[in-house]
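A.B. asks: First the structure, which I've put down as structure tokens, then a few questions once you've had a look.
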Amino acid sequence: MNILGISAFYHDSAAALVRSGEIVAAAQEERFSRKKHDHRFPIDAVKYCLAEGGVAADGLDAVAFYDKPITKFVRILETYFGVAPRGLQSFMMAVPLWLREKLWIPMEIENSLDRCGIKMPAELYFSEHHESHAASAFYPSPFQSAAVLTVDGVGEWSTTSYGRGDGNRLELTNELRFPHSLGLLYSAFTYFTGFRVNSGEYKLMGLAPYGEPKYVQLILDNLLDLRPDGSFRLNMDYFGFLDGLTMTNHKFDALFGGPPRKSESDITRREMDIAHSIQVVTEEVVLRMASHIHGLTGESRLCMAGGVALNCVANGRLLRESPFKEIWLQPAAGDAGGALGAALIVWHKVKNQPRQTDGRCDSMRGSFLGPAFEDDEIAAWLAVQGYPARKLEPSAWAEEIARLIAAQNVVGLLQGRMEFGPRALGGRSIIGDARSPKMQSLMNLKIKYRESFRPFAPACLEERAGDYFELATPSPYMLLVAPLRRDRCVAVPKQELRALRDMINEVRSDLPAITHVDYSARVQTVSPQTNPAFHSILTAFEKLTGDGVVINTSFNVRGEPIVCTPEDAYRCFMRTDMDALVLGSFVLAKQCQPEWKDKTDWRRDYSID
């Protein structure tokens, strides 16, 4: 049975194909359209999933959409009516879009499938938004039973939900409702500190360790009423998202001593301290929720999804401090993963089909669910374009890449299937030497063209993770932050009120390029079972240097989606200061390439950000 899952119309639209319970393919639309966080109907992602699965014209059995548009529209109308006459401008912008596009999902799906040459199946399902998140978290997990927690901005009405899964049964029993939302609270601070909502939250998380938690009590006293079980109510007097076009209002400005930071302006001590404070509050809320859910369900394992589940600092604290023994996090925890969850609901819940679990391995295939490009395709494309390349023999492939990294080269890597979710895990990655004290600023300013305060993540051999980090569990999807081992750290004298630029390039460990200011790292552990090619590179690097860990960052630049195709990768390679590009078995040296005719300069000066 072929089931197509779809998420669309808000941010990070995606498609997923599930065949008789097996996850066949999944991808975000942005990877094909090249529009970051593309919210439009995922026609190209649908085409890819159906082609990857070899679905015939009449071979699609069901389609599942990840939320209930009518219910969401009712919530939006009730909200506007509740604050009227305020909010008129927002109302006039939102409602025509709903009437023109978002209420016509069945017709959009049928027309899109027709363009793909696929007959619309008789079965069309709409799951609730948080049910889709919960299904994406529990059904692919390795656990027979588990507590389930989903936290995001808002679905139809729910902003947080929790319950329990057992076998193929999944039930959400409790929820928090709009406008009381941890995701929207965090997004309000994202906006106030000058970053973009729905894409800059991870920047706020990365900025937090540079500050002090001086505003924590101010937030708890004024912005939310937090209870022991993790539930809360926001004080809406300080927020603008109900009746305006901004997340916060003038009363919020007064509370924090001035207006929001303007995008691209200098980051001051205020923004650093605000970032740290809201991160502490977020972690406290999640920890309280987890403790409450553990007591209610009696489960020793927890599954999580929703945008807040991408807060890997909070996840690390959950793992270390919550009563749960094991935690499994959906790698596509945001709205993109809802497409997968919706399809799995049809198979397991609607069709009442069983799950197969072993307690150890999930069913996400390492999250490598996107397109792959074979060597013959790559060779043909290189020949047509006239780009010089050297083909490596399989026996020498990993060793050559390891040598490039050890020689302080920055290497773009496109191999195997593309990752599903926001993290590059070795399929579409830029990799470099984590031992280099200059590599963080080099890659931020000359490769990624992004804010220099943002740390890079380490990818390390799964079997060696304990040699580098205080981490007792695998982290294959780069969703856990862990402290570096103390014997690897270098003490930096604490100085008060330093500027951000003075803190960025300090050497804090023997792996300085991946060590954040608080001696932590967002860790990816690489397994030979789910990620064999990347594991072989790390193994070769360890043989060469003694360290089985490298920098791994997504293969893109600021404002662009992660690359999908060899053409995307080559364009990014030539527009940056990367030294080498690996496309499958082929390696391309920058100095051997023809002059790049596109003179677009992607670089910006982030020396003080």
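A.B. asks: Could you give me the ³J(HN,Hα) list for the stretch 110-117, computed from phi with Karplus coefficients 6.51, -1.76, 1.60 and θ = phi - 60°, whole Hz, x at Gly and Pro?
C.D. replies: For the stretch 110-117, the Karplus curve yields 5, 5, 5, 5, 4, 5, 8, x Hz.
A.B. asks: Test of understanding: what is the full-extension gain from residue 352 to residue 81, defined as 0.36 nm times their sequence separation minus their Cα-Cα distance? If you can, show how the numbers build up before the last one.
C.D. replies: Details: separation 271, 0.36 × 271 = 97.56 nm, distance 4.03 nm.
Taking residue 352 through residue 81 to full extension adds about 93.5 nm, to one decimal.
A.B. asks: Once every DSSP H run of n ≥ 4 in the chain is given -39500 (n - 2.57) and the sum is divided by its residues, what mean residue ellipticity at 222 nm do you get, rounded to the nearest 500 deg cm²/dmol?
C.D. replies: On the way: 20 runs with 202 residues, N = 609.
The helix contribution divided over the chain gives -10000 deg cm²/dmol.
A.B. asks: Do any chymotrypsin sites (Phe, Trp or Tyr not before Pro) in the stretch 79-116 lie in a loop, going by DSSP, with at most 14 other beta-carbon atoms within 10 Å of their beta carbon, and if so which? Write down the numbers at each step before the final one.
C.D. replies: Values: sites: 80, 81, 91, 98, 104; in loops: 104.
Counting only loop positions with at most 14 other Cβ atoms within 10 Å, the chymotrypsin sites (Phe, Trp or Tyr not before Pro) in the stretch 79-116 are 104.
A.B. asks: Same structure again: The stretch 1-118: D in µm²/s via Stokes-Einstein (Kirkwood Rh, Cα pairs, 10 °C, 1.306 mPa s)?
C.D. replies: Details: Rh = 15.4 Å.
Value of D from the Cα-based Kirkwood radius: 103 µm²/s.
A.B. asks: Non-local amide H neighbours of residue 148 (under 5 Å, H modeled in plane, Pro and chain starts lacking H): which ones?
C.D. replies: The answer is 163, 164, 165, 303.
A.B. asks: Right, another one. What is the extension gain from residue 225 to residue 22, computed as 0.36 nm multiplied by their sequence separation minus the C-alpha to C-alpha distance, in nm to one decimal? Mind showing how you got there, number by number?
C.D. replies: Values: separation 203, 0.36 × 203 = 73.08 nm, distance 4.29 nm.
Extra length available between residue 225 and residue 22 comes to 68.8 nm.
A.B. asks: So for the stretch 265-348, taking the charge dipole from beta-carbon charges (+1 Lys/Arg, -1 Asp/Glu), which of 334, 280, 348 sits furthest toward the positive end?
C.D. replies: Sorting the options by dipole projection puts first 348.
A.B. asks: Moving on. Rounded, prolate or oblate: pick one for the stretch 473-514, where a ≥ b ≥ c are the square roots of the eigenvalues of its C-alpha gyration tensor, a/c under 1.5 means rounded, and failing that, prolate if a/b is larger than b/c, else oblate. Could the numbers behind the result be given before it?
C.D. replies: Values: a/c = 2.58, a/b = 1.82, b/c = 1.42.
Verdict is prolate for the stretch 473-514.
A.B. asks: Using +1 at the C-beta of Lys and Arg and -1 at the C-beta of Asp and Glu, which of 135, 324, 51 has the Cα lying farthest in the positive direction of the dipole of the chain?
C.D. replies: So the residue furthest toward the plus end is 324.
A.B. asks: Toward the positive end of the charge dipole of the chain, about the Cα centre and with charges on Cβ (Lys, Arg +1; Asp, Glu -1), which of 583, 314, 425 goes farthest?
C.D. replies: Result: 314, furthest along the dipole toward the positive end.
A.B. asks: For a 23 Å ceiling on Cα separation, which of these pairs sit above it: 68/203; 391/590; 72/251; 438/590; 325/351; 35/590?
C.D. replies: Numbers: 68/203 31 Å; 391/590 15 Å; 72/251 29 Å; 438/590 20 Å; 325/351 31 Å; 35/590 26 Å.
Correct reply: 68/203; 72/251; 325/351; 35/590.
A.B. asks: Just the number, please: carbon plus sulfur as a percent of the accessible area of the stretch 15-130, 1.4 Å probe, no ligands or DNA/RNA counted. Walk me through the intermediate numbers first.
C.D. replies: Numbers: 3080 of 5460 Å².
Within the stretch 15-130, the accessible surface is 56 percent carbon and sulfur.
A.B. asks: For residue 510, project a label point 7 Å along Cα to C-beta. Then give me every residue of the stretch 405-446 with its amide nitrogen under 12 Å of that point.
C.D. replies: Flagged as within label range: 435.
A.B. asks: Consider the candidate values [x] 27.0, 87; [y] 23.5, 70; [z] 27.2, 80; state which one is Rg and Dmax of the Cα atoms in Å computed from the structure displayed.
C.D. replies: [y]
A.B. asks: Give me the accessible area of residue 384, 1.4 Å probe, in Å² rounded to the nearest 10.
C.D. replies: Here the residue's solvent-accessible area equals roughly 120 Å².
A.B. asks: I've got another one for you. Calculate the FRET efficiency for residue 489 and residue 120 from the Cβ-Cβ distance with a Förster distance of 51 Å, rounded to the nearest 0.05.
C.D. replies: Working: r = 58 Å, r/R0 = 1.14.
The computed FRET efficiency comes out at 0.30.
A.B. asks: So, R0 is 45 Å and r is the distance between the beta-carbons of residue 383 and residue 503; what FRET efficiency does that work out to, to 0.05? Mind dumping the intermediate values first?
C.D. replies: Numbers: r = 48 Å, r/R0 = 1.07.
Once rounded, the FRET efficiency stands at 0.40.
A.B. asks: What's the magnitude of the charge dipole for the chain around its Cα centre, counting Lys and Arg as +1 and Asp and Glu as -1 at the beta-carbon? Answer in Debye, nearest 20.
C.D. replies: Details: 68 positive and 75 negative charges, 163 e Å.
The calculation lands at about 780 debye.
A.B. asks: Also, quick follow-up: Around residue 20, what is the net charge, scoring Lys/Arg as +1 and Asp/Glu as -1 over all other residues with Cβ under 14 Å from its Cβ? Don't skip to the answer; put the middle values down first.
C.D. replies: On the way: positive: 19, 351, 355; negative: 22, 61.
Residues close to residue 20 contribute a combined charge of +1.
A.B. asks: Under 15 Å from the Cβ of residue 509, count the other residues' Cβ atoms, weight Lys and Arg +1, Asp and Glu -1, and hand me the total.
C.D. replies: Working: positive: 435, 438, 485, 486, 488, 508, 522; negative: 433, 467, 470, 487, 506, 510, 518, 547.
Net charge in that neighbourhood comes out at -1.
A.B. asks: Would you mind checking which residues have amide H under 5 Å from residue 327's amide H? H placed 1.01 Å from N; only 5 or more apart, or other chain.
C.D. replies: Under 5 Å from the amide H of residue 327: 302.
A.B. asks: Relative contact order of the chain, please, whole-number percent, based on alpha carbon pairs below 8 angstrom and at least 6 residues apart. Don't jump to the answer; show the numbers that get you there.
C.D. replies: On the way: 1329 pairs, mean separation 95.6, N = 609.
Relative contact order for the chain comes out at 16 percent.
A.B. asks: Let me ask another. Using a ≥ b ≥ c from the Cα gyration tensor of the stretch 35-79 (square roots of the eigenvalues), is it rounded, prolate or oblate, where a/c under 1.5 gives rounded and otherwise the larger of a/b and b/c decides, a/b for prolate?
C.D. replies: On the way: a/c = 5.00, a/b = 1.86, b/c = 2.69.
Here the stretch 35-79 falls in the oblate category.
A.B. asks: Here is a follow-up. Antiparallel versus total DSSP beta bridges in the chain: what percent is that, nearest 5? If you can, show how the numbers build up before the last one.
C.D. replies: On the way: 56 of 79 bridges.
Rounded to the nearest five, the antiparallel share is 70 percent.
A.B. asks: Only four residue types carry charge here, +1 at the Cβ of Lys and Arg and -1 at the Cβ of Asp and Glu. Report the dipole size of the stretch 334-410 about the Cα centre in Debye, rounded to the nearest 20. Before the final figure, lay out the partial values.
C.D. replies: Working: 8 positive and 10 negative charges, 90 e Å.
Here the stretch 334-410 has a charge dipole of around 440 debye.
A.B. asks: State whether the stretch 444-591 is rounded, prolate or oblate according to the following rule on the C-alpha gyration tensor (a ≥ b ≥ c being the square roots of its eigenvalues): a/c under 1.5 gives rounded; otherwise a/b larger than b/c gives prolate, and the remaining case gives oblate. Can you show the working numbers first?
C.D. replies: Values: a/c = 2.02, a/b = 1.21, b/c = 1.67.
In terms of gyration-tensor shape, oblate.
A.B. asks: While we're on this one: For residue 235 paired with residue 591, estimate the spin-label separation in nm (one decimal), with each label point 7 Å from Cα along the Cα-to-Cβ line.
C.D. replies: 6.2
A.B. asks: Mind checking the dipole of the stretch 289-437: about its Cα centre, +1 per Lys or Arg Cβ, -1 per Asp or Glu Cβ, Debye to the nearest 20? List each step's numbers first, then the result.
C.D. replies: Details: 16 positive and 15 negative charges, 103 e Å.
My answer is approximately 500 debye.
A.B. asks: Here's a follow-up. Could you give the length gained by full extension between residue 103 and residue 442, i.e. 0.36 nm per residue of separation minus their alpha carbon distance, to one decimal place?
C.D. replies: Working: separation 339, 0.36 × 339 = 122.04 nm, distance 4.69 nm.
Extra length available between residue 103 and residue 442 comes to 117.3 nm.
A.B. asks: Cβ under 14 Å from residue 69's Cβ, residue 69 left aside: what net charge do those residues give with Lys, Arg +1 and Asp, Glu -1? The partial results should precede the final answer.
C.D. replies: Values: positive: 68, 72, 75, 100, 102; negative: 67, 101, 108, 128, 156, 335.
Within the 14 Å Cβ shell, the charges total -1.
A.B. asks: Using a 1.4 angstrom probe, figure out how much accessible area the chain has per residue, in square angstrom, rounded to the nearest whole. Could you put the intermediate results ahead of the total?
C.D. replies: Values: 23670 Å² over 609 residues.
I get 39 Å² per residue for this part.
A.B. asks: Another question about this same structure. Check which residues have an amide H placed less than 5 Å from residue 177's amide H, if you skip close sequence neighbours.
C.D. replies: The answer is 159.
A.B. asks: A follow-up question, please. DSSP loop trypsin sites (Lys or Arg not before Pro) in the stretch 418-451 with at most 15 other Cβ atoms within 10 Å of their Cβ, which ones? Walk me through the intermediate numbers first.
C.D. replies: Details: sites: 423, 428, 435, 438, 446, 448, 450; in loops: 423, 435, 438, 450.
Here the sparse-neighbourhood loop sites are 438.
The values are calculated or read from the model by the stated rules, or taken from the named source; none is laboratory data. Computed from a prediction, not measured in an experiment: that's the story for all the values here. Neighbour counts run over all protein chains shown; Cβ positions are idealised from the backbone, glycine included. Side chains are part of the model used for accessible areas, which takes the heavy atoms of the whole protein and leaves out ligands, DNA and RNA. Shrake-Rupley method; radii C 1.70, N 1.55, O 1.52, S 1.80 Å.
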